[in-house]
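A.B. asks: Can you keep this structure in mind? I'll have questions shortly.
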Amino acid sequence: MLLVCVQCIGAQEPAKSEMQEHQFDFWIGEWNVYKFGTDTIAGISSIKPILDHKTIEENYQNLKYKYKGKSLNTYNPKTKKWEQFWVDNSGLRLYMTGTYKNGKMILSDCDTNENCNRITWTNMGDGTVRQEWEQSKDKGKTWRKVFDGHYKKRE
């Protein structure tokens, strides 16, 4: 007896690059951002897929100060790396690249800058995300943490 799955006929595995395009989806949502390990809110962040889910757009706002920023994040199948372009109302601009591995997205600009940045987003597995931003003045030999945030979904 031969069983045929009608829905399976013509179904294909998604291309590897399509799967990689969704590695950062754990960050998508409407978030309250707290200083990690505290109940002190640092800001709010809205992160959503745009452009047919080929790009993830972030809009961040600090609630205490007038600080705002925006990032565009996309997977580049040619380089097999994620790219982020960040701008904010202080004039800061960052262009970072990196990869996703073991539940962490790690992006940095150390390939192009002596004074560099590294940001790690960790999928905490409980529906929250930790973001750690570190800076180095010696091209990544030593690091200083400048932000440690805990993203929790807004209700």
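The values are calculated or read from the model by the stated rules, or taken from the named source; none is laboratory data. Every value quoted in this text rests on a predicted model; they were computed, and no experiment measured them. Virtual Cβ from ideal backbone geometry, glycine too; neighbours counted across all protein chains shown.
A.B. asks: Name the residue that is farthest from the chain's Cα centre (by Cα), counting only residues in region 126-135 that are surrounded by 11 or more Cβ atoms within 10 Å (Cβ to Cβ) and charged (D, E, K, R). Working first, answer last.
C.D. replies: Of all residues in region 126-135, those surrounded by 11 or more Cβ atoms within 10 Å (Cβ to Cβ) come to 127-135.
From what is left, the residues that are charged (D, E, K, R) are 130, 132, 134.
Numbers: 130: 10, 132: 11, 134: 14 Å.
Applying the filter and picking the extreme gives 134.
A.B. asks: Something else: Scan region 136-155 for residues that are in a strand (DSSP E or B) and loosely packed, with under 15 Cβ neighbours inside 10 Å and report the count. If you could, list the steps in order and put the result at the bottom.
C.D. replies: Step one: list which residues in region 136-155 are in a strand (DSSP E or B), which gives 136, 144-153.
Filter once more, so that each one left must be loosely packed, with under 15 Cβ neighbours inside 10 Å: 144-147, 153.
Summing the residues that are in a strand (DSSP E or B) and loosely packed, with under 15 Cβ neighbours inside 10 Å in region 136-155 gives 5.
A.B. asks: Residues being of a type in the set (D, E, K, R), part of a strand (DSSP E or B) and either in contact with a helix residue (DSSP H, G or I) (Cβ under 7 Å, 6 or more places away or on another chain) or more than 18 Å from residue 133 (Cα to Cα) (or both): count how many of those fall in region 18-42. Working first, answer last.
C.D. replies: Within region 18-42, the first condition is being of a type in the set (D, E, K, R), and the residues that meet it are 18, 21, 25, 30, 35, 39.
Next, from what is left, pick out any that are part of a strand (DSSP E or B): 30, 35.
Cutting the leftovers down to either in contact with a helix residue (DSSP H, G or I) (Cβ under 7 Å, 6 or more places away or on another chain) or more than 18 Å from residue 133 (Cα to Cα) (or both) gives us 30.
Here the count works out to 1.
A.B. asks: I'm checking my understanding of the structure. Among residues of region 126-155 that are of a type in the set (A, V, I, L, M, F, W, C) and touching a Phe, Trp or Tyr at 6+ places or on another chain (Cβ under 9 Å), which one is nearest to residue 26 (Cα to Cα)? Walk me through how you get there before you give the answer.
C.D. replies: From region 126-155, those of a type in the set (A, V, I, L, M, F, W, C) are 129, 133, 143, 146-147; that's our starting set.
Keeping just the survivors that are touching a Phe, Trp or Tyr at 6+ places or on another chain (Cβ under 9 Å) gives 129, 133, 146-147.
Values: 129: 8, 133: 18, 146: 23, 147: 20 Å.
In this case the residue turns out to be 129.
A.B. asks: Let me ask you something else. Counting only residues that are over 17 Å from the mean Cα position of the chain (by Cα) and surrounded by 14 or more Cβ atoms within 10 Å (Cβ to Cβ), which one in region 111-125 is farthest from residue 24 (Cα to Cα)?
C.D. replies: Taking region 111-125 and keeping what is over 17 Å from the mean Cα position of the chain (by Cα), we get 111-116.
With surrounded by 14 or more Cβ atoms within 10 Å (Cβ to Cβ) added as a condition, the list becomes 113, 116.
Values: 113: 24, 116: 22 Å.
Among them, the one singled out is 113.
A.B. asks: For region 107-151, name all the residues that are touching an Asp or Glu at 6+ places or on another chain (Cβ under 7 Å), under 21 Å from residue 74 (Cα atoms) and of a type in the set (D, E, K, R).
C.D. replies: 118, 132
A.B. asks: Ok, one more. Among the numbered criteria (1) touching a helix residue (DSSP H, G or I) at 6+ places or on another chain (Cβ under 9 Å); (2) under 27 Å from residue 39 (Cα atoms); (3) of a type outside the set (Phe, Trp, Tyr), which single criterion is violated by residue 80?
C.D. replies: (2) is the only condition that residue 80 fails.
A.B. asks: Any residue in region 24-52 that's over 19 Å from residue 73 (Cα atoms): show its pairings with residues that are among the acidic types (Asp, Glu) and in a strand (DSSP E or B) at Cβ separation under 8 Å, as long as the two are six or more apart or on different chains.
C.D. replies: Final answer for the pair search is 35/148; 36/132; 36/148; 37/148.
A.B. asks: Quick one: is residue 64 at pLDDT below 95, closer than 19 Å to residue 152 by Cα and of a type in the set (D, E, K, R)?
C.D. replies: On the way: at pLDDT below 95: yes; closer than 19 Å to residue 152 by Cα: yes; of a type in the set (D, E, K, R): yes.
Yes; evaluated as a whole, the condition is true for this residue.
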